[in-house]
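Some notes on the structure that comes next.
The values are calculated or read from the model by the stated rules, or taken from the named source; none is laboratory data. Since the structure is predicted, the reported quantities are computational estimates derived from the model, not experimental observations. Don't worry about glycine lacking a Cβ; one is built from the backbone with ideal geometry, like all the others, and counts go over all protein chains shown.
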Amino acid sequence: MLAIDAIWQAETQQKIFRALLNCMSLPGEIADLSPYLGNSSALLGVLATLLDGTVSLSDEDELISQQVRHLLQAHTASSEIANFVVKDATKPPQEGFLPNLGELPNPEKGATLILQGETLGVGDLPLLLRGPGVNGTRKVSIAEFHPEWFIHRQQWVENFPLGIDLFLVTFTQVMAIPRAITIENLKLKI
Amino acid sequence: MIQSLTDEAIQKNGASVGVLNTASSETNRYNYQFGFLDEYAKKEVRRTLLKAVAIPGYQVPYASREMPIARGFGTGGLQITLSLIGSNEILKVIDQGSDDSVNAVNIRKFVATTCPGVTLTRQTAEATLIQSRHRIPEKRLKFGQILVLQVPYPDPLVVVEPSEEKRKIMHGDGDYARLWVKLYEDMVKFKEITISHRYPTRINGFYVIDPSPIPRFDVPKLHQAEALCLFGAGREKKIYAVPPYTDAEPLSFSDIPFRVEDFTDEQGNRRTCQRCGSMTSFLNELIDSKGAKVYQCSDSNYCDSQLGDQK
Ligand SMILES: [Zn+2]
């Protein structure tokens, strides 16, 4: 008998979703998804929870296997137009990379970016967050997420409500930085 | 009676839900799955909720499913609740502050039938999830709690602009000039705030929301709240949110500031609840058996717990 990985089960997806909602409500909060993931990564757990045939996915770095892509049902789109964009964030964004920022009357069309890196909670890249969901300011340190992603993000979100919403994932953890959040300690140079 | 009606509605609707996602194996003896909605409908609501939280105050459109309860009785709120709820949830349902109104009882029974394992409570403090219509509980909501408010009319701009397309542009530009003018004209005319419910409230300094038909008394509770507040309008197919620790400012003018309902009597004393004696709660006006006006807490669980504390 074929065992279905936990992340494809409705009960697991409800739990992962609540963790994601909590993260989105409390930017900087780090959720440990490992109790729900079985053998899968947090990236796959997030995608299995949120995607179906009605949304589009860009995976130019090929982080997802063909078999899993099929199960996700989402159709493939280029990173400029996809609803969900998955990137290997240990490397800087490619020259000219620009996700969909939405439109003023329809800002929800701004993409959800899922950046995969190494470490959340400790590391050499401190982020000082301010905005909705943060009580004052909140500092969170991360590692092996290329800093250029956050410098670009600052530009993508500067015209609120246009922008993108970020999930940062490691192998088992997830954290969110929605577009309304300001990262205060970034030196704006690329 | 209500129970059998609900069961019948579920079975009728269950047939039209169609083939279930292969991923969702959880069914029970009624052969509908946990949370009633199919997993595709939940995913749609869940994606919408994440965008609503990410863009505070923005009304995110979504594909709303038919529900086996009459519209106007909280389909939007119920869809959010069913997309959030897990078997370890502790749910409270209130309508107009009461746990025992027909609407609240109906929704509670529906959830009890379709979500086995969920614990139902009346205690505001112990609920992980609260679905409500027309009130935010008296007891201050805590960090980690989620409040789902049912919304009949989500767009505060509808009073000044009939075209949804134009309203979306106005929202996107943060252009509320016409709403300000309308508000100001009302205030000049009546020398005070005449809006009793659905008071337009600006979220995080950008979008103005209709906070649903809560009294003005409850609007300040949205400001820098610890709990997450979610708003669902089923008929209009919109979901919006006020995240925790977010500014929620009722629109007001320096010469006529926002104020909550006034519960002082002719002598200038704060009216009290005739049942529990509370001097701080939102009061309903009732007529007693002798035809006299009396006042009682609108939040029935709060009133009960005040009485309990006195024993
Ligand atoms: Zn009372």
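Take residues that are surrounded by fewer than 18 Cβ atoms within 10 Å (Cβ to Cβ) and tell me which of the helices (runs of 4 or more DSSP H) falling wholly in the stretch A:1-76 contain 1 or more.
Details: elements: A:10-25, A:34-37, A:42-50, A:66-72.
The helices (runs of 4 or more DSSP H) meeting that bar are A:10-25, A:34-37, A:66-72.
With the requirement that a residue be modelled with pLDDT of 95 or more and away from chain A (no Cβ under 14 Å), what does the stretch B:100-129 give you?
Listed by number, the residues that qualify are B:119, B:120, B:121, B:122, B:123, B:124, B:125, B:126, B:127.
Consider residue A:47 carefully, then state whether it is within 28 Å of residue B:169 (Cα to Cα), within 13 Å of the chain's Cα centre (by Cα) and either modelled with pLDDT under 95 or within 13 Å of chain B (Cβ to nearest Cβ) (or both).
No.
Out of the residues in the stretch A:131-146 meeting the condition of being surrounded by 15 or more Cβ atoms within 10 Å (Cβ to Cβ) and not in a loop (DSSP other than H, G, I, E, B), tell me which one is nearest to the other protein chains (Cβ to nearest Cβ).
A:138
Tell me the residue from B:244, B:220 that is surrounded by 21 or more Cβ atoms within 10 Å (Cβ to Cβ) and not charged (D, E, K, R), please.
B:244
If you scan the stretch A:103-130, which residues turn out to be within 14 Å of chain B (Cβ to nearest Cβ), touching a residue at least 60 places away in the same chain (Cβ under 8 Å) and surrounded by fewer than 23 Cβ atoms within 10 Å (Cβ to Cβ)?
Of everything in the stretch A:103-130, just one residue is within 14 Å of chain B (Cβ to nearest Cβ), touching a residue at least 60 places away in the same chain (Cβ under 8 Å) and surrounded by fewer than 23 Cβ atoms within 10 Å (Cβ to Cβ), namely A:129.
Inside the stretch A:77-87, can you point out the residues that are surrounded by fewer than 17 Cβ atoms within 10 Å (Cβ to Cβ) and either among the β-branched types (Val, Ile, Thr) or not in a loop (DSSP other than H, G, I, E, B) (or both)?
Of everything in the stretch A:77-87, just one residue is surrounded by fewer than 17 Cβ atoms within 10 Å (Cβ to Cβ) and either among the β-branched types (Val, Ile, Thr) or not in a loop (DSSP other than H, G, I, E, B) (or both), namely A:81.
Which members of the stretch B:81-99 meet the condition of being assigned to a loop (DSSP other than H, G, I, E, B) and either surrounded by 24 or more Cβ atoms within 10 Å (Cβ to Cβ) or away from every other protein chain (no Cβ under 14 Å) (or both)?
B:85, B:96, B:97, B:99
Can you pull out the residues in the stretch B:247-300 that are assigned to a strand (DSSP E or B) and within 16 Å of the ligand (Cβ to nearest atom)?
Pass one, the stretch B:247-300, residues assigned to a strand (DSSP E or B): B:248-250, B:264, B:270, B:283-287, B:293-297.
Across the stretch B:247-300, the qualifying residues are B:270, B:283, B:284, B:285, B:286, B:293, B:294, B:295, B:296, B:297.
If a residue must be under 17 Å from the mean Cα position of the chain (by Cα) and acidic (Asp, Glu), how many such residues does the stretch B:137-185 contain?
Looking only at that region, the number is 2.
On the given criteria, is residue A:32 touching a residue at least 24 places away in the same chain (Cβ under 8 Å), more than 26 Å from residue B:39 (Cα to Cα), more than 14 Å from chain B (Cβ to nearest Cβ) and touching a strand residue (DSSP E or B) at 6+ places or on another chain (Cβ under 8 Å)?
Answer is no for this residue.
Just one of B:206, B:217 is at pLDDT 95 or above, within 16 Å of the ligand (Cβ to nearest atom), under 30 Å from residue A:161 (Cβ atoms) and not charged (D, E, K, R); which is it?
Selected residue: B:217, the only one of B:206, B:217 that is at pLDDT 95 or above, within 16 Å of the ligand (Cβ to nearest atom), under 30 Å from residue A:161 (Cβ atoms) and not charged (D, E, K, R).
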